[in-house]
Every structure is written in structure tokens, then in C-alpha cells.
Amino acid sequence: IASRHNRPPNVDWRIGHTYSFLGAMHALGADTRATLAEALIRGRRGEIEPSTARRAVARILDGNLRTLERFQHTLRQISAPIASAATVSWYDPASGVDLYAYATCGAAAKEWGVRDVDIRGCVEGNVDTVNGLHFRRQARWPVPPGAERVSEGVYRVGDDRYRVQLGHDWGFLGNFDSAGAAALVHAGGWERLRHARRSLEAHTLRQLTEGATVDLSGCYVLLRRIASGTSFPTAFAVRKHRVPFAPFDGPHDAYFVSRRRGREIPYGTELLNAHVQRLERELTWWDPRDRSRGLCAQRLVARDGNQQYHGYQYQLVRRDGDAAAVDGADASLVQLWRRTAVPAPVAPAVPPPPADWAQC
């Protein structure tokens, strides 16, 4: 049943999950075990659709949420989201405890073999349950009051029940039967997070190399990471000041700015006649998870003789009342083009990963 065959590589499956599930099945009783095994075997053989088998399991284990939780850990095809916000919670209505997190109604529907419109109706309060299960809309995932911290990211939330959490209010990965199994899931989650962070960072640096305006979410996470003390990307210059500009070959240039870690442009090599116009705030974007932090993209316009330059400086900002003040972080980014038409930055359609992952 719990074969890793064709299982997506980012799904954290461990033999301990299967051990817990089989132990729970042993306590169900012979009739329930036989009915459950028949549904699973028929689904495996293709006699019934996988979605039908999953709906049947939920009905067979009617009300036994702990065993159903173990079943999902064993056969799950999609892991809880880590780099994007989870918005849907499967939960226990009796205790209010979260059982699992899903990125969308569609993701929850796929796991449980139901229609996404049914999940949406449940989270919007139009129906109480979907195939006997309860779902709700949820944007933040705080550790429950009274939870006991056992190790990094692992909390005891009941007898033989351990919650895994990557951040203080995000990255909920489920509940498990032992602290050891929970710790392994937590370690696996952080490894997935590191891979996602490296992928986003590589995408942002590729945009800089190719002269495309950077995605604000990727730029925000990259600058937050650098501001936390990590090194600047080695392929780009780090200068003490935004201006003067240094001559560059090709149609575009990109460099970081840091008064403490940057270098001065060698005397005599700067574009002496370049004049930067007054900075104009093109776009200020706020992190949906932390409305006090954001990123400001400011337009740069300069001339050097007959040559015209256009660009943007990206700076971390903090909310100061109704206005934005430049963050004290000693890291910003400049993109510059030798042309008149420069594409404007666009705010991301989805929230960026939690800035906490800059530490991973």
C-alpha cells in the first residue's frame, strides 16, 4: 500500500508513518479492517477510481480522525505547502486542532477525491462537511496554546501527538505519533525549503543576468537574506553608492549597493557626466505576511552625453505610519539599461515565501 513507486520526490514518506497506520488498523476490528483493505486493493487494481477509493476510506473510518490522519500520511501524494501560503485547513471540529494544511481548495479536493467546489463551499460556510470532513479557510498557522516544545519545530499537542511547524505561524506539516518521526519530517521540510530558496535565488539572479526586471517577491527575499548577513552573489559587483554609474558593455547592468561591504568605483572610470534625476517612487509593495515590511522600486534616469540610461533601485522599506521609510538594512539592488523603454516592475500575483526562510 505504501510503496514509494511513482511518489513525487517532495512528499515526505517514511516507514514510521506506515507503522503507525498499520498499528491503528489492528485496533479497528476485523470487519472494519476487511472493508478498508478491500477498498484500497480495488483502488490499487484499478477496479474503482482512486478518488472513489479515497472517499470510501473517509466513510469507512467515519469519525476516527486519528486513524484517517495516519492513513493520509502513509498514502499522501502532495505534501503540505512550505514556500507558499497554505489557505485551507482540514481540522477536528471537536478540538479545533489542525490536521493538515493545503495550498488551495483544489489541492484538498484532490487528496480527498471530492470536487474543489465542495471544499470551497465548506470553507465559505455554505456547507458543514464534505464527505464527513471539516475544512476552513486559514491564512496563519500559530502553534496551539499550551503546546509543549520538544525540539526545533516539534511540539507536543496531546498524548503521543506531535505537531511539526517550520515557522512561528507558517509551515504546518502535520501531526505525528512520535517526537522522532516528527523531527525527521521537520528536517525534511527544511531541506525542501532550502531547495526552494536556492531555486528562487537562482531565478532572480538569472533575471539580472538576462536584463529582465526582477520579480519583486524574489528580489525581496534575496535582499532580506543578504541583509541578514549572508554573502552577496559573487557574479555581481557590490558598490558603496548607487551613483555614479560605472561604464558597462552590452545593453544592461546590475549591481548591489552596500555602504559597509561595497567598493568605490576606481577614480576616473565613472561616467562623469551622468546625472541622476530626482528619485521617483515607481512602486511600493508590502509583504502580505508582514505588512510592516516591503520593497520599494524607485526609477533612475540619467544621461551621459547623448547616451541615456534608465533603471530601478530596489530597497527594503518599513511602514512608518501611512508612509514608507527605507529599512536600515545595508543592502539594495540597482538594475540599469542603456535604452529608453524599460519595463516597469510588477507586484507578484501570489505572496512570496515567508522571509524566515532567509535563515535556511
*Please work out which residue is modelled with the lowest pLDDT, limiting yourself to the stretch 272-295 and to residues that are hydrophobic (A, V, I, L, M, F, W, C), outside any strand (DSSP E or B) and open to solvent by less than 100 Å² (accessible area, probe 1.4 Å).*
279
_Residue that is least open to solvent (accessible area, probe 1.4 Å) [pool: residues in the stretch 181-211 that are without any contact (Cβ under 8 Å) to a residue 24 or more places away in the chain and of a type outside the set (D, E, K, R)]_ = 204
_Residue within the stretch 142-161 that is surrounded by 15 or more Cβ atoms within 10 Å (Cβ to Cβ), among the β-branched types (Val, Ile, Thr), without any contact (Cβ under 8 Å) to a residue 60 or more places away in the chain and more than 25 Å from residue 19 (Cβ to Cβ) present_ = yes
*asked:* Looking only at residues that are among the hydroxyl-bearing types (Ser, Thr, Tyr) and not in a loop (DSSP other than H, G, I, E, B) in the stretch 218-257, which one is surrounded by the most Cβ atoms within 10 Å (Cβ to Cβ)?
replied: 220
_Yes or no: the stretch 68-89 includes at least one residue that is open to solvent by 40 Å² or more (accessible area, probe 1.4 Å), at pLDDT 80 or above and outside any loop (DSSP other than H, G, I, E, B)._
yes
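Residues checked against (1) in contact with a helix residue (DSSP H, G or I) (Cβ under 7 Å, 6 or more places away or on another chain); (2) acidic (Asp, Glu); (3) open to solvent by less than 60 Å² (accessible area, probe 1.4 Å); (4) modelled with pLDDT of 70 or more:
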| site | (1), (2), (3), (4) |
| --- | --- |
| 264 | no, yes, no, yes |
| 301 | no, no, yes, yes |
| 333 | yes, no, yes, yes |
| 351 | no, no, yes, no |
*How many residues, within the stretch 118-164, are touching a helix residue (DSSP H, G or I) at 6+ places or on another chain (Cβ under 8 Å) and among the aliphatic types (A, V, I, L, M)?*
8
*Please determine, by comparing only the residues of the stretch 36-54 that are of a type in the set (Gly, Ala, Ser), assigned to a helix (DSSP H, G or I) and without any contact (Cβ under 8 Å) to a residue 40 or more places away in the chain, which one is surrounded by the most Cβ atoms within 10 Å (Cβ to Cβ).*
43
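The values are calculated or read from the model by the stated rules, or taken from the named source; none is laboratory data. The structure displayed is predicted, hence computed values, not measured ones. Using ideal geometry, Cβ is built from the backbone for each residue, glycine included, and neighbour counts are taken over all protein chains shown. Protein only, heavy atoms only, side chains kept; ligands, DNA and RNA dropped before computing areas. Shrake-Rupley method; radii C 1.70, N 1.55, O 1.52, S 1.80 Å.
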